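The values are calculated or read from the model by the stated rules, or taken from the named source; none is laboratory data. Computed from a predicted model, the values in this text were never measured in an experiment. Here the Cβ positions follow ideal geometry from the backbone for every residue, glycine too, while neighbour counts run over all protein chains shown. SASA here: full protein model, heavy atoms, side chains in, ligands and nucleic acids out. Shrake-Rupley method; radii C 1.70, N 1.55, O 1.52, S 1.80 Å.
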Amino acid sequence: MAEITADPFAFPARTGEMALIVIDMQRDFAEPGGFGASLGNDVSRIGRIVPDVQRLIAGFRTAGLPVIHTMECHRPDLSDLPPAKRDRGNPALRIGDEGPMGRVLIAGEPGTDILAEVAPIAGEIVIEKPGKGAFYATPLGAILKEKGITQLVFAGVTTEVCVQTTMREANDRGYECLLCEEATESYFPDFKAAAIAMIRAQGAIVGWTAHIDDILKGLSDA
Ligand code: TIU
């Protein structure tokens, strides 16, 4: 067992049972004209983590460990979009509306694509999810079980919404969860800091957090 330096204490890594989950690194959250911007957010912060997300993905690929990507998106007929989600907050563009990058947050539209720099390669699993959590209404749990995965390292956006929701879902399902601090981002710096603090509080009540160089060192030592 390799240990990864982490907070609030070392993460007991079992690399043979570990996967990276990259949450929602999509144009809709990172570029003007997408879903994130339609909610009134400054999306420029999101692009800044791309180099670290790339480094983390490269480390998992080099170690031969699974990289799983998620995308928040809905079916073109909106049958998986609850009205409560569509109407929330009176956004400039609602989910399903035609925007500058195609229909907002709809599977197959240009804006829904994962950013090219961190796109999946052949053989990597991509989970399309209609909720904020990646376990709700998706095959993720069954896929992880089939692969014998028990530990999940997290990257992606946004820290306090889809990343934290998925970490909480995973924690309740018995996975040991580790969040990479440099490879996640929020539209709100205070919310990122608060999410990191609450995840690792109370003896890692939701999971651990760690710096990217410590995670990469743990992978190469194993
Ligand atoms: N709005 C916001 O912060 N996030 C989302 O709506 N989805 C994800 O976090 N992916």
Check your understanding: Comparing Gly64, Gly123, Gly207, which has the greatest mean-square fluctuation in the GNM of the chain with Cα pairs linked when under 10 Å apart?
Key -> Gly123
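Could you list, in their original order, any pairs among Lys85/Lys132; Lys85/Lys192; Lys132/Lys192 whose Cα atoms are separated by more than 18 Å?
Lys85/Lys192
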Exercise for review: Translational diffusion coefficient, Stokes-Einstein: compute it for region 1-125 using the Kirkwood radius over C-alpha pairs as Rh, at 37 °C and 0.692 mPa s, and state it as an integer in µm² s⁻¹.
Suggested key: 202 µm²/s
Review point. Taking the Cα centre of region 2-221 as origin and charging only Cβ (+1 Lys, Arg; -1 Asp, Glu), how large is the dipole, in debye to the nearest 20?
Key: 320 debye
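With runs of 4+ DSSP H residues as the only contributors, calculate the mean residue ellipticity of the chain at 222 nm using -39,500 (n - 2.57) per run, divided by the residue total and rounded to the nearest 500.
Details: 9 runs with 73 residues, N = 222.
Calculated mean residue ellipticity at 222 nm is -9000 deg cm²/dmol.
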**Study point:** Lys/Arg +1, Asp/Glu -1 at C-beta; the chain dipole; positive extreme among Met25, Gly89, Phe188
**Key:** Gly89
Exercise for review: Kindly report the accessible area of the chain per residue (heavy atoms of protein chains, probe 1.4 Å, no ligands, DNA or RNA), in Å².
Suggested key: 43 Å²
Practice item. Quickly work out the Ser220-to-Glu98 label distance, labels modelled 7 Å from Cα along the C-beta direction, and quote it in nm with one decimal. Key: 5.1 nm
Check your understanding: Between Thr209 and residues 5 or more places away or on another chain, which pairs have amide H atoms under 5 Å apart, with H built 1.01 Å from N, and which residues are they?
Key -> Asp7, Leu179
Point to revise | Farthest toward positive dipole pole in the chain [+1 Lys/Arg, -1 Asp/Glu at C-beta], among Val163, Ile49, Ile121 | key: Val163
Check your understanding: Around Val126, what is the net charge, scoring Lys/Arg as +1 and Asp/Glu as -1 over all other residues with Cβ under 14 Å from its Cβ?
Key -> -4
Check your understanding: Which whole number of Å³ per residue matches the convex hull of the alpha-carbon atoms in the chain?
Key -> 114 Å³
Revision key, fill the gap. With the charge dipole of the chain built from beta-carbon charges (+1 for Lys and Arg, -1 for Asp and Glu) about the Cα centre, the Cα from Gly40, Gln202, Leu179 projecting farthest to the positive end belongs to Gln202
Practice item. Starting from the Cα-Cα distance between Glu3 and Phe188, subtract it from 0.36 nm times their residue separation and give me the gain in nm to one decimal. Key: 63.5 nm
Point to revise | Given 15 as the ceiling on other Cβ atoms within 10 Å, longest exposed-site-free region of the chain for chymotrypsin sites (Phe, Trp or Tyr not before Pro) in DSSP loops | key: 10-135
**Study point:** In region 87-127, trypsin sites (Lys or Arg not before Pro) in a DSSP loop with at most 16 other beta-carbon atoms within 10 Å
**Key:** Arg88
Practice item. Go from 0 up to the bin containing the longest alpha carbon distance in region 8-47, width 10 Å each, and give me the % of pairs per bin. Key: 27, 29, 17, 26, 1
Review point. Which distance in nm do the two modelled labels at Glu117 and Arg14 give, with both placed 7 Å along the Cα-to-Cβ direction?
Key: 3.5 nm
